[in-house]
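J.: The structure is given below, and queries will be raised subsequently.
Taken together, the values in this text are just the output of simple stated rules run on the coordinates, not laboratory data. Source: prediction; values computed, not measured. Counting neighbours? That spans all protein chains shown, and the Cβs are built from the backbone with ideal geometry, glycine included.
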Amino acid sequence: MSSYTSQIDRFTTLCQSQGNTWQGINPEFATRMHLQNRFKTGLDIAKYTAKVMREDMAAYDADSSQYTQSLGCWHGFTAQQMMMAIKRHNKTTKRSYVYLSGWMVAALRSEFGPLPDQSMHEKTAVPKLIEEIYTFLKQADARELDHLYKALDEAKAQGGDVQAITAQIDNFETHVVPIIADIDAGFGNEEATYLLAKQMIEAGACAIQIENQVSDAKQCGHQAGKVTVPHEDFLAKINAVRYAFLELGVEDGIIVARTDSLGASLTQKIPVSKTPGDLASQYNAFLDTTVISGAADLNEGDMVIKQNGELCKPVRLDNGLYQFREGTEKDRVVLDCVTSLQSGADLLWIETEKPNVEQIAELVNRVREQVPNAKLVYNNSPSFNWTLKFREQVYAEWQAQGKDLSTYPDPTQDPKALMSPELDQSELAAEADAKVRTFQRDGAAQAGIFHHLITLPTYHTAALSTDILAEGYFGDLGMLAYVRDVQRQEIRREQASVKHQDLAGSNIGDTHKEYFSGENALKAGGEANTMNQF
């Protein structure tokens, strides 16, 4: 990116080339506005963030401690506040992404109102949210740069260190980071997937996550009734997403292939096998079937397939879906992952029923036998009861070690007993919390997890913070509930949100009015502005 002074020189030359007609344009002001909007289009963002993510993937391959993280955001403001907080506390946004959850789009962004995670929401809501998120992240850049410009003007006026502030402008780190965006099961056939992927990429997405469920029967990954598609159908959609990236010039675009096979026991379609051992026959080998000897063993409308030289009748439910054999789940996951990576996917997502590093590592290590650099995006899902599951893990480990557990309830007798608040200060609870704390680090080192995300955190934080505020404000605390638990905390944490007018763009607007109108500018700032109280 060009330096601040070289940009001024460029705009000076441009303005001079226009003679007197651009005499009202200040080259330095033009430079500032140009730098406030570094990314002119969504494709600029997608190309930039794809490069960032590829570099992060290479860094992780060299050192597993260099894993990446994200939180799911359902509004541009939540993404903005997350990245501003990360930059304020960590002094950098490196290895921090935004996750865009289809679940939260359905629950919070649909014009139908709150919906379950079944791809019933408007698919155009997904690229619109991507665009919204990047609008807010770019505005965070503009606000921070505006403050630097004001500091630069003050330094010039008072003889301060102009070079130091100019260096901060030149080395400014953007709040714009990669988005991993959920396209669900593709919202239709492969052409529909391609068309939506294009809109998502044009809005700025550099990474698209797609799952191997049936599009019109899609279920939340942590609910029952999931139905998978044959590999040939899923790979066609991976191809569709890759073509979308290539058409738009985002050659580094990332595809995250998600398998739900660990919790899916059904398929809608039996693919046609053309040669022995092909993907279709491997998929069909997982079906729950009954060997038959002839037509007498069949009912009207039954289907028969030939497997290993025998005629077999697949188990078909009343709704027409076919059932997989129990116990094939892990083998199906491994085949899904290997075929996806060998057919153009870059990263994997294995949806599990609990957060367990050993379970994840078992699956990833089997995949790595065939694809050594396989890497995982892992859902640190709020659908898991993290407290309970890790207390169960510790209980089981201590039981295997022969440790005295007489002071703890037996989870086999009462599955929820270990959740008791009375155990919160216990040794078992402390050990479980320690495991939760290191779960991401351990998963990165032992289970090939390159990216850890929480899908729905801002859904839950919005619900929790609103509940706490409403309880106090409409209860005995009155206004103190807001002052003590919200505003005072914002001040103590030095959050930009306490000066909400500035965060929403009031000062940027005043700056621009000065550029456009000079001394005639009617500004919102000044001594009477209540933001000065903070």
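J.: Would you kindly calculate the translational diffusion coefficient of the range 466-525, applying Stokes-Einstein with the Kirkwood radius from alpha carbon pairs, for 25 °C and a viscosity of 0.890 mPa s, and quote it in µm² s⁻¹ without decimals? Walk me through the numbers on the way to the answer.
T.: Working: Rh = 13.7 Å.
Result for D is 179 µm²/s.
J.: Name the GluC sites (Glu not before Pro) in the range 197-301 that are in a loop by DSSP and that have at most 16 other C-beta atoms within 10 Å, would you? Walk me through the numbers on the way to the answer.
T.: Working: sites: 202, 211, 232, 247, 251, 300; in loops: 251, 300.
Hits after loop and neighbour filter: 251, 300.
J.: Just to confirm a number: summing +1 for Lys and Arg and -1 for Asp and Glu over residues other than residue 416 whose beta-carbon lies under 14 angstrom from that of residue 416, what do you get?
T.: Values: positive: 389, 391; negative: 392, 410, 414, 422.
It works out to a net charge of -2.
J.: Moving on to the next point. If you stretched the chain out fully between residue 153 and residue 251, how much longer would it get, using 0.36 nm times the residue separation minus the C-alpha to C-alpha distance? Mind showing how you got there, number by number?
T.: Working: separation 98, 0.36 × 98 = 35.28 nm, distance 4.12 nm.
So the chain would gain 31.2 nm between residue 153 and residue 251.
J.: Here's something else I'd like to know. Amide H of residue 349: which non-local residues (sequence gap of 5 or more, or other chain) have their own amide H closer than 5 Å, using H built in the peptide plane?
T.: 257, 258, 259, 377
J.: Can you check what the net charge comes to around residue 8, using other residues whose Cβ is under 15 Å from the Cβ of residue 8 (Lys, Arg +1; Asp, Glu -1)? Please list the in-between numbers first.
T.: On the way: positive: 10, 32, 156; negative: 9, 28, 153, 170.
Every neighbour counted, the sum reads -1.
J.: Another question, then. Around residue 130, with a cut-off of 13 angstrom between Cβ atoms, what is the net charge of the other residues, counting Lys and Arg +1 and Asp and Glu -1? Can you show the working numbers first?
T.: Values: positive: 109, 123, 128, 138, 198; negative: 131, 132, 182, 202.
Residues close to residue 130 contribute a combined charge of +1.
J.: Here's a follow-up. Pop out the ³J(HN,Hα) list for the range 28-39 in order, Karplus 6.51 cos²θ - 1.76 cosθ + 1.60 with θ = phi - 60°, rounded to Hz; leave Gly and Pro as x.
T.: Those phi angles translate into 5, 5, 4, 4, 4, 5, 5, 6, 5, 10, 4, 9 Hz.
J.: Could you run the Debye sum over the Cα atoms of the chain, one equal point scatterer each and no solvent, and tell me log10 of I(q)/I(0) at q = 0.07, 0.08, 0.09 Å⁻¹, two decimals?
T.: -0.51, -0.65, -0.79
J.: Rg(Cα) of the range 57-205 divided by 2.2 N^0.38 Å?
T.: With N residues counted in the range 57-205, Rg over 2.2 N^0.38 Å equals 1.29.
J.: Pairs of Cα atoms under 8 Å, at least six residues apart: use those to get the relative contact order of the chain, whole percent.
T.: Numbers: 839 pairs, mean separation 77.9, N = 534.
After rounding, I find 15 percent.
J.: P(r) tail for the range 353-500, what percent of Cα pairs lie past 25 Å? The partial results should precede the final answer.
T.: Details: 5609 of 10878 pairs.
Everything past 25 Å amounts to 52 percent.
J.: Checking the table 51/389; 40/523; 218/375 against a 32 Å threshold on Cα-Cα, which pairs fail?
T.: Where the Cα-Cα span goes over 32 Å, the pairs concerned are 51/389.
J.: So how strong a dipole does the chain carry about its Cα centre when Lys and Arg Cβ are +1 and Asp and Glu Cβ are -1, to the nearest 20 debye?
T.: Working: 51 positive and 72 negative charges, 199 e Å.
Here the size comes out at about 960 debye.
J.: Measuring from centroid to centroid over Cα atoms, what is the spacing of the range 225-246 and the range 281-320 in Å?
T.: Rounded to whole Å, the Cα centres lie 26 Å apart.
J.: Can you tell which of 299, 283, 241 lies farthest toward the positive end of the dipole of the chain, using +1 and -1 charges on the Cβ of basic and acidic side chains (Lys, Arg; Asp, Glu)?
T.: Farthest towards the positive end: 241.
J.: Please give, to one decimal in nm, the separation of the simple spin-label points placed at residue 430 and residue 232, each 7 Å out from Cα toward the Cβ.
T.: With each label point 7 Å from Cα toward Cβ, the separation is 6.0 nm.
J.: With θ set to phi - 60°, apply the Karplus curve 6.51 cos²θ - 1.76 cosθ + 1.60 along the range 47-53 and write out the HN-Hα couplings as whole Hz, x wherever there is a Gly or Pro.
T.: 5, 5, 6, 4, 5, 4, 5
J.: What FRET efficiency comes out for residue 487 versus residue 90 if R0 is 30 angstrom and r is the Cβ-Cβ distance? Round to the nearest 0.05. Each step should come with its number before you reach the end.
T.: On the way: r = 24 Å, r/R0 = 0.82.
Using R0 = 30 Å, I get an efficiency of 0.75.
J.: One-quarter of the Cα convex hull surface for the range 307-408, in nm²? Numbers along the way, then the final one.
T.: On the way: hull surface 45.4 nm².
Mean projected area for the range 307-408: 11.4 nm², to one decimal.
J.: How would the range 63-112 be classified by its alpha-carbon gyration tensor: rounded, prolate or oblate, with rounded meaning a/c under 1.5 and the a/b versus b/c comparison settling the rest?
T.: Working: a/c = 5.28, a/b = 1.80, b/c = 2.94.
Since a/c reaches 1.5 but b/c is at least a/b, the shape of the range 63-112 is classed as oblate.
J.: Determine the calculated [θ] at 222 nm for the chain from helices alone, applying -39500 (n - 2.57) to every DSSP H run no shorter than 4 residues and normalising by the residue count; nearest 500 deg cm²/dmol. Could you put the intermediate results ahead of the total?
T.: On the way: 19 runs with 244 residues, N = 534.
Dividing the helical sum by the residues of the chain leaves -14500 deg cm²/dmol.
J.: Given a cut-off of 22 Å, what percent of all Cα-Cα pairs of the range 258-343 lie beyond it?
T.: Numbers: 1006 of 3655 pairs.
Result for the distance tail: 28 percent.
J.: While we're here: What residues qualify as long-range amide H neighbours of residue 287, i.e. H under 5 Å apart, gap of 5 or more or another chain, H built at 1.01 Å from N?
T.: For residue 287, the qualifying residues are 325.
J.: Could you check the simple spin-label distance between residue 403 and residue 135, using points 7 Å along Cα→Cβ, in nm with one decimal?
T.: Output for this residue pair reads 5.2 nm.
J.: Follow-up question, since we're still on this one. For residue 328 and residue 269 in the same chain, what is the full-extension length gain: residue separation times 0.36 nm, less their Cα-Cα distance, in nm? Can you show the working numbers first?
T.: Values: separation 59, 0.36 × 59 = 21.24 nm, distance 1.72 nm.
My answer for the length gained is 19.5 nm.
J.: Using unit Cβ charges (K, R positive; D, E negative) and no other charged atoms, how large, in debye to the nearest 20, is the dipole of the range 236-343 about its Cα centre? Provide the component values of the computation, followed by the final result.
T.: Details: 11 positive and 15 negative charges, 24 e Å.
Charge dipole, the range 236-343, about its Cα centre: 120 debye, nearest 20.
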